[in-house]
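Asks: Sending over a structure as structure tokens; questions will come in a sec.
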Amino acid sequence: MSRHLALPSALVALSLTIGTAGAQEIPSPYRYMEKGQEVSLYAGIVDTDPGRFEFGPDDQQWLGARYSVVVSNAFSLEGMAGTSFGPRSVVNPARDEGDRIVDEAEVRLILIEARLQFALTGRRTWHGFQPFGFVGGGISFDTLGDQDEDFLLEERDRYEYGTRFTGTFGGGMRYAFSQRWMARLDAGLLLYKLAYPDGWRDLDRGFEGVPEDEWVSGKTVSLGLAWRF
């Protein structure tokens, strides 16, 4: 009886061994990210809305740094500081519509934000990729102030960016080269209020129903290099 059972038993044992070996050779597409903190540098663009009368900041270049820390499996807190710079039109409300742009000046903004980030794959990457979404807010302010071109206008007609509260939301993708080094792509929408100078609400100039400020947005895209520790 033992001789009759020997061959089937050997075949079963061999098949189990082959099956176990085969299962061990199939790599998982998911990789756990052991490091929970991240610093990154980024560069990008901000496609901005200059507002109804087009005197706000125009398209900007954007540079900055971020720091984030994992607070749970999928959620991270992130702080960022950056600067954007580019042109803005100097617009004279005393002139006829279509002939109001008299010059161009520069704007250089500092943006400081805090964000809550959600990773769709948790603290893992899938084939090296980790998609995420984010929402946040902060402040921004202009570091240049009035420039020579602004003095072509009356004081009440001059636009000043001042200090603005901002809101943002969007998403992005990380790609892990290793446990420490990652590339990162972010895309989002930046929201803030554009303040109207008093001269743009002058009824004698025909400006009716012009508010003190309006919400505008900027589409942001950036590419960065991150180091985790």
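The values are calculated or read from the model by the stated rules, or taken from the named source; none is laboratory data. Computed from a predicted structure; not experimentally measured. Heads up, the Cβs are rebuilt from the backbone with ideal geometry, glycines too, and the neighbour counts pull from every protein chain shown.
Asks: How many residues are surrounded by 13 or more Cβ atoms within 10 Å (Cβ to Cβ), part of a helix (DSSP H, G or I) and either free of Cβ contacts under 8 Å to residues at least 24 places away in the same chain or touching a strand residue (DSSP E or B) at 6+ places or on another chain (Cβ under 7 Å) (or both) if we restrict to the stretch 182-229?
Replies: Within the stretch 182-229, residues that are surrounded by 13 or more Cβ atoms within 10 Å (Cβ to Cβ), part of a helix (DSSP H, G or I) and either free of Cβ contacts under 8 Å to residues at least 24 places away in the same chain or touching a strand residue (DSSP E or B) at 6+ places or on another chain (Cβ under 7 Å) (or both) number 1.
Asks: For G137, state whether it is in contact with a strand residue (DSSP E or B) (Cβ under 8 Å, 6 or more places away or on another chain) and not in a helix (DSSP H, G or I).
Replies: yes
Asks: Here is a follow-up. Would you check which residues across the stretch 76-102 are under 26 Å from G44 (Cα atoms) and either modelled with pLDDT under 95 or of a type in the set (D, E) (or both) and list them? First the steps, then the outcome.
Replies: So the first thing to find is which residues in the stretch 76-102 are under 26 Å from G44 (Cα atoms), and the list is 76-90.
The answer is E78, and nothing else.
Asks: Filter the stretch 71-123 for residues that are assigned to a loop (DSSP other than H, G, I, E, B) and either surrounded by 15 or more Cβ atoms within 10 Å (Cβ to Cβ) or in contact (Cβ under 8 Å) with a residue 60 or more places away in the chain (or both) and give the result.
Replies: Of everything in the stretch 71-123, those that are assigned to a loop (DSSP other than H, G, I, E, B) and either surrounded by 15 or more Cβ atoms within 10 Å (Cβ to Cβ) or in contact (Cβ under 8 Å) with a residue 60 or more places away in the chain (or both) turn out to be A74, N92, P93, A94, R100, T121, G122, R123.
Asks: Being more than 25 Å from D47 (Cβ to Cβ) and at pLDDT 95 or above is the filter here, so list the residues in the stretch 200-229 that pass it.
Replies: Answer for the stretch 200-229, where residues must be more than 25 Å from D47 (Cβ to Cβ) and at pLDDT 95 or above: W227, R228, F229.
Asks: Please go through the stretch 149-174 and give me each residue that is part of a helix (DSSP H, G or I) and either of a type in the set (S, T, N, Q) or touching a residue at least 24 places away in the same chain (Cβ under 8 Å) (or both), ordered by number. Steps first, please.
Replies: Let us first name the residues in the stretch 149-174 that are part of a helix (DSSP H, G or I), namely 149-152, 155-157.
Across the stretch 149-174, the qualifying residues are E149, D150, L152, R156, D157.
Asks: Let me ask another. Given the options D204, D198, D213, name the one that is under 24 Å from Q60 (Cα atoms) and out of contact with any Gly (no Cβ under 8 Å at 6 or more places or on another chain). Working first, answer last.
Replies: Details: D204 fails: under 24 Å from Q60 (Cα atoms); D198 fails: under 24 Å from Q60 (Cα atoms).
Matching residue, one of D204, D198, D213: D213.
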